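Readers should treat all values here as calculations from the given coordinates under stated rules, not as data from a laboratory. Bear in mind the structure is a predicted one, so any value in this text is a computation, not a measurement. For neighbour counting, all protein chains shown are included, and Cβ atoms are generated from backbone atoms with ideal geometry for every residue, glycine included.
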Amino acid sequence: MQAKGQIGNLDLVKKINMEHIINTILKYRPISRAKIASITGLNKMTVSSCVDLLLQKGIVVELGTTGTSRGRPPTLVDINELAGICVGVDIEINQFTLLITDLLGKKLESMIFPVNNKNPAYFVNTISGILADLKKTHSHRQLGIVGVGIVIQGYYNIRTDAVDYSANLQEWIDFPLLSELTKQIPDIPIYINPAPYAGALGEVHFGRSKSVDHLVYVTSSWGLSVGVYNNGELFTGTTGTAGRLGHSTIHMNGKKCSCGSRGCWEMYASIKALYDLLESTPQQLSFTEIVDSLHAGDSKVTSAVHELGHYQGIGLANVINAYNPRVICIGGLLALLGPKLINSIWNTLNEMIPERFLRNVEIYCSDLGELGVAHGGVSMVIGQLSNTIIHYSLLE
C-alpha cells in the first residue's frame, strides 16, 4: 500500500510538470512535444502524457507537422484560444468599459456601460449581472470565463481588501470590492489593479512595447495617473499607491483639485482639463467628436490640444527627471489625440530638459487607444492562465 505522503508528492510533481509544459507552450507556441521536452528538461514520455491530457480536455489542439531534416516530421501543438474567454473591465467616473478576449488576448468584443450611480454597490450588482449573462453565453467553452481583471480609478489595498483611495470616486474609498464581487460571482477568479498599473501591463503584453524593459505609462480619463514598469515588474511603492503623479503640483496656488490640493498636474493635462479648455462637457460634446474635430483641423480644438500637450510636457519633465525612462506611452483616451499631442509635449520638453537627457527617450500614443487599460485587465487574467488550466486539467 502506497503511503499518503508519496501520493501527495506525486500529485505535486505532476502539477509542477504540467506548469512547466503549459508555460512553455504559451511562450513558444506552436511547438512540438520533442521541443517541449528539450526546453523543460522533462522526459518525452512525461511530456506526451501531459500534452495528451491537455488535448483530451480541449485546452490544446494539434496543428500540422513542421519540416525536419530527418525522421518523421513532429506534430505541433498550440493553445486552443477558443477554450475560454478573458474579461477586462475599465471603471471610469461616468462609465465602465468591458473587453472580452480569447485566451491569447485577441479581442472578441467590447462594450461600454454608463454609470448612473457612483455607489460601488451599484457597480457590483451591475457587473455581476453582466458576467452571469456572459457565463451562460460562453458555457460551451471548456474553461468558460477564465477570469476578470477589474481596473479602478484609485488604489486597492489587498491586505485590507478595500479601495485605499480614489480622488474622483471618493464614494469607493474603504469599499471591500473584491469580497463583495466574490459573494455574487464566487466561481470566477477576480483580479484588481489601479488604472496606471493595468495600463502598463496591457501595453507591455499587447501594445508596441513588448520588448521594452523600462516603460512609463500615462493614462487619463477624468483624472491622470502614471504606471512604471521596470524589468518585468511594476513599481507600486510601499503600500501600492505609487504613481499618483497626477496629484503632483505643477502650478502653485492653481486650480482646486478633487484631492483637496491646488495646481495638480491632472487639473491641466487630463481629459477633464481638455473639456475645461473647450468650455464643454461630455454630455454636450462626445470625445469622438473632439477627435474628429482635431483631425479636421478645427482651430479651437487644435489650440486646446496644444495647451494640453504643453502641460503634459511639464508633468513629463518631472517623470523623466525622476525615472529616466526609455519609453513613455500615452494611453487611455489621451492616446486618441495622436501626433498633435505628442508634438506639443516635445516642444515643452525641449525647452525644459537638456538635450542629452532626451536622446534615448521615445514618447508615443498607444495603438490600443481607449481600450489600453481594459487590455491591462485582460493581462492580469492571462498572467494566471497556467494556474487556471492546471486546475481544470487535473479535475477528475
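Brief remarks follow.
- Between amide H atoms placed 1.01 Å from N, distances below 5 Å from LEU143 occur with GLY84, all of them 5 or more places distant or on a separate chain.
- Using θ = phi - 60° in the Karplus curve 6.51 cos²θ - 1.76 cosθ + 1.60, the 3J(HN,Hα) couplings for segment 265-275 round to 3, 5, 6, 10, 10, 9, 4, 4, 4, 5, 5 Hz; x is entered for Gly and Pro.
- A protection proxy built from the mean count of other Cβ atoms within 10 Å ranks the segments 148-161, 51-64, most packed first, as 148-161, 51-64.
- In a reduced charge model with +1 at each Lys and Arg Cβ and -1 at each Asp and Glu Cβ, the chain shows a dipole moment near 1220 debye about its Cα centre.
- Cβ-based exposure ranking for LYS106, LYS14, in which fewest neighbours within 10 Å come first: LYS106, LYS14
- Of THR24, THR281, THR219, THR241, the sequence from fewest to most neighbouring Cβ atoms within 10 angstrom is THR281, THR241, THR24, THR219.
- Relative contact order of the chain, defined on C-alpha pairs under 8 angstrom at six or more residues apart (%): 16 percent
- Cross-link pairs exceeding 26 Å in C-alpha to C-alpha distance, out of LYS107/LYS210; LYS14/LYS57; LYS15/LYS107; LYS27/LYS183; LYS35/LYS210, comprise LYS15/LYS107; LYS27/LYS183.
- Antiparallel bridge percentage (DSSP; both residues within the chain; nearest 5): 60 percent
- Projecting the Cα atoms of ASN318, VAL87, LEU143 onto the dipole axis of the chain, where Lys and Arg carry +1 and Asp and Glu carry -1 at the beta carbon, places LEU143 farthest toward the positive end.
- Overall form of segment 264-396 per C-alpha gyration tensor (a/c, 1.5; a/b vs b/c): oblate
- Rounded Å value of the spacing that divides the Cα centres of segment 284-353 and segment 152-225: 23 Å
- For the peptides 223-236, 258-271, residues were scored by their other Cβ atoms within 10 Å and the scores averaged per peptide; the highest-first order is 258-271, 223-236.
- Selection from GLY254, VAL218, LEU337 lying farthest towards where the dipole of segment 210-367 points positive, charges on Cβ: GLY254
- Taking other residues whose beta carbon is less than 14 angstrom from the beta carbon of ASN119, and scoring Lys, Arg as +1 and Asp, Glu as -1, yields -2.
- Where only DSSP H runs of four or more residues are counted, the chain gives -13000 deg cm²/dmol as its mean residue ellipticity at 222 nm, each run worth -39500 (n - 2.57).
- Cα shape, the chain, gyration tensor, a/c 1.5 rule: prolate
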